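Here's the structure we're looking at; comments come further down.
Rule-based calculations on the coordinates, nothing more; no lab input. Predicted model, so just to flag it, every value in this text is computed and none were measured. Cβ placement follows ideal geometry from the backbone for every residue including glycine, while neighbour counts extend to all protein chains displayed.
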Amino acid sequence: MSQPPTEPLASHHDRGAFDCGDERLNKFLKERALEEQNAQFSVCWVLPDPSSRNRIQGFYTLSSYAVWVGDLPAAVRRNLPRYPDVPAALLGRLAVDATYRGQDLGEYLVLDAMKKVLIHAATLGTAALIVDAQDMGLAQYYRNLGFIPFPSDPLRLFIPVATIAQCFSPA
């Protein structure tokens, strides 16, 4: 069965049934995600179950961000304008309900976030997508998707928008 498109979290989505196994992420989705979205701090994108549009298979959040240029690798800094901060997007939270594990939904959600950032970058300066991995295993997962660790923190990673564009350009 193909996946439906992601959509912004709305009041009709069944947040109470979501359980990814991480109480912090469950609590965020159930108690704060819609509030933060309404305050325009982030947008929580949900992947609805194709058989029940109210059930959430997984979610992620995106928000605007800026990173200090000095935190980036020297090879990346060389090609940037001389500004103290670089405009970016932050992939703040990502989780898949335990019921749907083993279906590559995490990767699907990351790729969906990358597509949204690429579209966003066409209208508002955005140089990279940033993610903070919770542990070295997740950091490796993001590296396998093309993300690059920050020199000062191997759990903070980024992928340039130019790289995202190459991922989605026709061959």
Practice task
Grab the other residues whose beta carbon is less than 13 angstrom from that of Arg53, score K and R as +1, D and E as -1, and report the net.
Solution key: -2
Exercise for the section: Could you pull out which residues in the range 91-112 have an amide N less than 14 Å from a spot 7 Å beyond the Cα of Asp132, following the Cα-Cβ vector? Expected result: 91-94
Handout entry: Positive dipole terminus of the chain, leading residue within Pro160, Asn38, Val76 (C-beta point charges)
Key = Val76
Practice task
Under a 10 Å cutoff between Cα atoms, tell me which one of Ala39, Ala133, Ala66 has the largest fluctuation in the Gaussian network model of the chain.
Solution key: Ala39
Exercise for the section: Sequence neighbours fewer than 8 away in the same chain don't count; with that in mind, list the aspartates and glutamates whose C-alpha is under 20 Å from Lys115. Expected result: Glu7, Asp104, Glu107, Asp132
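Compute the whole-percent fraction of alpha carbon pairs in the range 1-118 spaced more than 20 Å apart. Walk me through the numbers before you get to the answer.
On the way: 3219 of 6903 pairs.
Counting pairs separated by more than 20 Å, the tail of P(r) holds 47 percent.
With the Cα gyration tensor of the range 52-171 in hand, convert its eigenvalues to equivalent ellipsoid semi-axes via √(5λ) and list them largest first in whole Å. Present the calculation step by step, with values, prior to reporting the outcome.
Working: eigenvalues 132, 54, 33 Å².
Here the semi-axes work out to 26, 16, 13 Å.
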Practice task
Treat every Asp and Glu Cβ in the range 7-168 as -1 and every Lys and Arg Cβ as +1, leave all other atoms uncharged, and give the resulting dipole magnitude about the Cα centre to the nearest 20 debye.
Solution key: 420
Practice task
Compute the distance in nm between two label points, each set 7 Å from the Cα along the Cα-to-Cβ direction, one at Asp19 and one at Asn79.
Solution key: 4.6
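If you take every residue apart from Lys27 with its C-beta less than 14 Å away from the C-beta of Lys27, what net charge results, scoring Lys and Arg +1 and Asp and Glu -1?
Details: positive: Arg15, Arg24, Lys30, Arg32, Arg93; negative: Asp19, Asp22, Glu23, Glu31, Glu35, Glu36.
Summing Lys and Arg as +1 and Asp and Glu as -1 gives -1.
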Completion exercise
The summed charge of the Ala133 Cβ neighbourhood (under 10 Å; Lys/Arg +1, Asp/Glu -1) stands at -1
Practice task
Over the Cα atoms of the range 132-171, compute the convex hull volume and normalise it per residue, giving Å³.
Solution key: 63
Fill in the blank from the handout: With Cα springs under 10 Å, the Gaussian network model of the chain assigns the largest mean-square fluctuation among Val131, Val69, Val117 to Val69
Practice task
May I ask which residue of His13, His120, Leu145 lies farthest towards the positive end of the charge dipole of the chain, with charges of +1 (Lys, Arg) and -1 (Asp, Glu) on Cβ and the Cα centre as origin?
Solution key: His120
Practice task
Report, by chain and number, residues whose modeled amide H sits under 5 Å from the one on Asp14, excluding near sequence neighbours (fewer than 5 apart, same chain).
Solution key: Arg55, Ile56
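Over the chain, calculate the relative contact order: mean separation of alpha carbon pairs under 8 Å at least 6 apart, over the residue count, as a percent.
Relative contact order of the chain: 18 percent.
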Problem - Mean separation of Cα contacts under 8 Å (6+ apart) over length of the range 58-159, as relative contact order % - result: 28
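Express as a percent, rounded to the nearest 5, the fraction of DSSP beta bridges in the range 1-148 (both residues included) that run antiparallel. If you can, show how the numbers build up before the last one.
Numbers: 19 of 24 bridges.
If I count the DSSP bridges inside the range 1-148, around 80 percent turn out antiparallel.
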